[in-house]
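The values are calculated or read from the model by the stated rules, or taken from the named source; none is laboratory data. Keep in mind the model is a prediction, meaning the values are calculated, not measured. Here Cβ is always computed from backbone atoms with ideal geometry, including for glycine, and neighbour counts include all displayed protein chains.
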Amino acid sequence: MQTKPKMKALFAGVITSAVLALPMTTVAQTYPTKPIRLIVAFPAGGSTDIIARLVGQRLGEKLGQQVIVDNRGGAGGTIGTEIAAKATPDGHTLTMGTTSTHVIAPAAYAKVNYDPVKDFEPITLVASTPYLLVLHPGVKANNLKEFVALAKSQPGKMNYASAGTGSTTQLAMEMLKGAAGVDIVHVPYNGNGPAGAATLGGQVQALFGSMPAVLPHAQAGRLRPIAVGTSRRSPALPNVPTVAESGYPGFEVSLWLGFFAPKGTPKPILTRLQKELTDIANNAEMKAQFEKNGASGVTNTPAEMNTLMKTELEKYGKVVKAAGISLK
């Protein structure tokens, strides 16, 4: 039998714990109290923007507040990502982080004003998408073998577009250039949208673009798809072989997209966001929307996201170094 002092201490401890937990419970119950700003660090029309708008609309419906996409493109995604890192950590500012913003930019730029691991609370991945090598229809090559042969016959005369210097679209092509031993000139643009427009217009001959941005043009015949960057073919273009199948085994490059909040965002808010976003990404209707845009629904835990970033920071750091990319 417990003595009265011990019982009083136990009772006091229970009351204290309940009181301490009350504010956090209140935060979870009242959030969100206003529209949510979803920063996309690239211009409208690119893959990140497309996925962000699909998921953002559904998230807004679940949370009972509008999710407003705020496009802040420039400097390989670092401008918008820095804004997100410095936002008030109350759950009302989120960002769609990607391979480009949270892995490649920190490796490619001499200095970025954010740390992808220390300055953000990872919530969950929502999608991943292959990179698709497309050509302007005027290029006389119907597959990767013919494209490589054409490039080798006129070194330094063909151009390729990218979403910006240091972007994954550049690194995908640089990896291919290294594997195939070809000399193709890089022309950077401010995002996948402008890069795609330049390829459509014939200002450049090729683009290793992320699937959601280039798929509609490939399906309509406005661009010619010749290779997929992932190890498996895309269900959206089942007849287009992979780079690995086309003579370069081991070639693998893809884009992941996930939600992040500024460091210090309350845990109950992060927990709720993870639940809602996981439900959205795993929803059959949303998966169909992703597949229509050449993407796949993918979810994970915050710990798994941190591990992914650390692993890919090392992987792409080597690619950036090999390509001689160093940005100010």
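Among the residues that make up the stretch 159-167, is at least one of them under 16 Å from residue 294 (Cβ atoms) and at pLDDT below 90? Scanning the stretch 159-167 turns up at least one residue that is under 16 Å from residue 294 (Cβ atoms) and at pLDDT below 90. So which residues in the stretch 234-274 are touching a Gly at 6+ places or on another chain (Cβ under 6 Å) and in a strand (DSSP E or B)? 258, 260 - these are the residues of the stretch 234-274 that are touching a Gly at 6+ places or on another chain (Cβ under 6 Å) and in a strand (DSSP E or B). Out of 88, 129, 165, one residue alone is buried (at least 19 other Cβ atoms within 10 Å of the Cβ) and either not small (Gly, Ala, Ser) or not in a loop (DSSP other than H, G, I, E, B) (or both). It is 129. All conditions in (1) in a loop (DSSP other than H, G, I, E, B); (2) crowded, with 24+ Cβ neighbours inside 10 Å hold for residue 212, with the sole exception of (1). Among the residues of the stretch 56-85, write down those that are of a type in the set (D, E, K, R) and either in contact (Cβ under 8 Å) with a residue 60 or more places away in the chain or assigned to a helix (DSSP H, G or I) (or both). Correct list: 58, 61, 62, 82.
Quick grid of which residues meet (1) under 29 Å from residue 324 (Cα atoms); (2) surrounded by 22 or more Cβ atoms within 10 Å (Cβ to Cβ); (3) touching a Cys at 6+ places or on another chain (Cβ under 8 Å):
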{"residue": "41", "(1), (2), (3)": "yes, yes, no"}
{"residue": "59", "(1), (2), (3)": "no, yes, no"}
{"residue": "75", "(1), (2), (3)": "yes, no, no"}
{"residue": "123", "(1), (2), (3)": "no, yes, no"}
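Starting from the stretch 167-189, take each residue that is under 18 Å from residue 327 (Cβ atoms) and list its partners that are part of a helix (DSSP H, G or I) and of a type in the set (S, T, N, Q), counting only C-beta distances under 8 angstrom and pairs at least six apart or across chains. Sorted first by the residue in the stretch 167-189, then by its partner, the pairs are 167/100; 168/99; 168/100; 169/192; 186/170; 188/170. Residue 277 falls short on exactly one of the conditions (1) in a strand (DSSP E or B); (2) within 20 Å of residue 95 (Cβ to Cβ), and that condition is (1). Among the criteria (1) over 22 Å from residue 315 (Cβ atoms); (2) assigned by TED's automatic domain parsing to the domain that holds residue 53; (3) hydrophobic (A, V, I, L, M, F, W, C), the one residue 260 does not fulfil is (1). Only one of 285, 276 is without any contact (Cβ under 8 Å) to a residue 12 or more places away in the chain and more than 11 Å from residue 127 (Cβ to Cβ); which? It is 285. Got at least one residue in the stretch 131-148 being closer than 30 Å to residue 67 by Cβ, in contact with a Ser or Thr (Cβ under 9 Å, 6 or more places away or on another chain) and not charged (D, E, K, R)? Yes; the residues of the stretch 131-148 include at least one that is closer than 30 Å to residue 67 by Cβ, in contact with a Ser or Thr (Cβ under 9 Å, 6 or more places away or on another chain) and not charged (D, E, K, R).
Restricting attention to the stretch 135-156, the residues being more than 24 Å from residue 215 (Cβ to Cβ), part of a loop (DSSP other than H, G, I, E, B) and touching a residue at least 12 places away in the same chain (Cβ under 8 Å) number 2.
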